[in-house]
Amino acid sequence: MTLDNPPLEPLAAEELATLITAVQSSGLRVDVPIGARSGGAGPADAGMLYIEGVQTTVPTTASYVESSPYSLRSEDDGGWAVYEGDRRLASAALAPRPAYYDLRTEDGIPYWQIALLHLDSVASTVLQTCAYWGNDDQCAFCGIGTTLANGRTIAKKTPAMLAEVAVAARDLDGAVDATLTTGSTATPDRGALYVGRCGEAVKAAAGLPVQVQFEPPSDLDVIDQVADMGIDSVGIHIESFDPRVLARVAPGKARWGVEAYFTAWERAVAAFGPGQVSTYVILGMGEEEAVTVEGCKRAIDLGVYPFVVPLRPVPGSLMQDLLPPPKEAVEAVYRQIVPYLARKGMSASGVAAGCARCQACSGLGAFEKADGGMQDGHRSLPLVFSA
Ligand code: SF4
């Protein structure tokens, strides 16, 4: 901290939410290696850091990041800050390299090939293969096969492996929950039972709250079976409420139809409780804003938390050459969803485990905090209802 570099006044909650949204759309130029995910399921190409203490993942390696106005710079006091041009905007801190990454299983498998630490969540794709990968049904936004192809993970993690790693992640690096996803299998349960068993083993060994993520099983009794395994939260991801977009970007998932997701969610809310069921809603794939917002509100009415995220074009995915959506488009959706969540008494702070608890890949949680709706009941975020 020098005279010409006075300490930063912390940003107001809404300014911080707006900044996180902007950086997640433009990317963050970094000239130091920061903890990152380069491929895999979910929003990969994700540099992991804390902006004003809020855990956040941001694009750091994609080519479009080079033209981002935002950069991460070191400070004289050894800290970090986010800059826009030469204007210092916010303090930042890097996610430390997890200590458990130095450990291996008895068979010599590095723990980081079994599960990564997403800031404070131990996360894994338990089956790194998918019935849709590599054929016409492949989801265009997904990179599940890329990390396997480049040797950054193993194809199948066993419940015992995941339990072992979760205990280490908890004890050595303070993991507070586990987020387990899976490629879809060509079986009626779509992989839900296997990821459920993995979550059960993690919970039994590490006592961490667990979220598992899977596609709607054709037999909905499977959802109750997963709940009976002691799993806390589930993610059943529709990806887009716009059926035209879903058919184009996720033909395999689209075959179920949007209504099948609402039917599966209804069953899941009955089994796990309102707010413990969530869905990814990816913005920036050509969807209609009004269709997205209406879909999110209908999901919220059912007790499902819509985890709205900007598209993060994953290297090696069919969408690798696209750009994330502009911050204005993302913010416009957040500003319509957040007051509705507050009105329905739902919030990220009520989610037991997983992405909707973690919030790092979205700015929704930061806007919730800015809204304050969940704290003291009145809203501060200006309500924006598009006509
Ligand atoms: S929201 Fe958190 S747990 Fe989910 S993919 Fe992003 S960093 Fe990982």
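Assorted remarks:
- Filtered residue count, the stretch 95-115, keeping only those that are closer than 25 Å to A356 by Cα and open to solvent by 50 Å² or more (accessible area, probe 1.4 Å): 3
Each row is one residue, and each column tells you yes or no for (1) within 26 Å of A186 (Cα to Cα); (2) in contact with a helix residue (DSSP H, G or I) (Cβ under 6 Å, 6 or more places away or on another chain); (3) aliphatic (A, V, I, L, M).
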| position | (1), (2), (3) |
| --- | --- |
| V234 | yes, yes, yes |
| F241 | yes, yes, no |
| G252 | yes, no, no |
| G257 | yes, no, no |
| A271 | yes, yes, yes |
| Y280 | yes, no, no |
| V291 | no, no, yes |
| L311 | no, no, yes |
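- Residues of the stretch 233-276 classified as free of Cβ contacts under 8 Å to residues at least 12 places away in the same chain, among the aliphatic types (A, V, I, L, M) and farther than 24 Å from C198 by Cβ, total: 2
- Tabulated pairs, the stretch 361-383, first open to solvent by 10 Å² or more (accessible area, probe 1.4 Å) and of a type in the set (S, T, N, Q), second at pLDDT below 90 and not in a helix (DSSP H, G or I), C-beta under 8 angstrom, 6+ apart or interchain: S380/G372
- Residue in the stretch 175-183 that is open to solvent by less than 20 Å² (accessible area, probe 1.4 Å), modelled with pLDDT of 95 or more and more than 29 Å from P96 (Cβ to Cβ) present: yes
- The residues in the stretch 128-150 that are open to solvent by less than 40 Å² (accessible area, probe 1.4 Å) and either farther than 18 Å from S317 by Cβ or of a type in the set (D, E) (or both) can be counted, and the count is 1.
- Test: residue in the stretch 369-380 that is over 23 Å from A13 (Cα atoms) and either hydrophobic (A, V, I, L, M, F, W, C) or modelled with pLDDT of 95 or more (or both): no
- Taken over the stretch 326-363, the criterion of being under 11 Å from the mean Cα position of the chain (by Cα) and among the hydrophobic types (A, V, I, L, M, F, W, C) is satisfied by C355, A356, C358, A360, C361.
- Annotation note: of E294, E287, E331, the sole residue that is acidic (D, E), in a loop (DSSP other than H, G, I, E, B) and more than 30 Å from A149 (Cα to Cα) is E287.
- Residue within the stretch 21-35 that is closer than 19 Å to L116 by Cβ, away from the ligand (no atom under 12 Å from the Cβ), modelled with pLDDT under 90 and not hydroxyl-bearing (S, T, Y) present: yes
- Only one of the listed residues (A62, A115, A90) is farther than 20 Å from Y280 by Cα, away from the ligand (no atom under 14 Å from the Cβ) and at pLDDT 95 or above. That residue is A90.
- Boolean, S349 is modelled with pLDDT under 95 and either assigned to a strand (DSSP E or B) or within 16 Å of the ligand (Cβ to nearest atom) (or both): no
Residue by residue, here is whether (1) within 16 Å of the ligand (Cβ to nearest atom); (2) under 30 Å from L16 (Cα atoms); (3) open to solvent by 60 Å² or more (accessible area, probe 1.4 Å) holds:
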residue	(1), (2), (3)
V249	no, no, no
E266	no, no, yes
P274	no, yes, yes
S278	yes, yes, no
V281	yes, yes, no
G295	no, yes, no
F307	yes, yes, no
L322	no, yes, yes
R335	no, yes, no
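- Hey, S317 among the polar types (S, T, N, Q) and either out of contact with any strand residue (DSSP E or B) (no Cβ under 9 Å at 6 or more places or on another chain) or without any contact (Cβ under 8 Å) to a residue 60 or more places away in the chain (or both) or not: no
- Among the residues of the stretch 1-20, those that are in contact with a strand residue (DSSP E or B) (Cβ under 8 Å, 6 or more places away or on another chain) and modelled with pLDDT of 95 or more comprise L16, L19, I20.
The values are calculated or read from the model by the stated rules, or taken from the named source; none is laboratory data. These figures come from a predicted structure and were not determined experimentally. Note that each Cβ is placed from the backbone with ideal geometry, even for glycine, and that neighbours are counted across all protein chains shown. The area values use the complete protein model at the heavy-atom level, side chains included, leaving out ligands, DNA and RNA. Shrake-Rupley method; radii C 1.70, N 1.55, O 1.52, S 1.80 Å.
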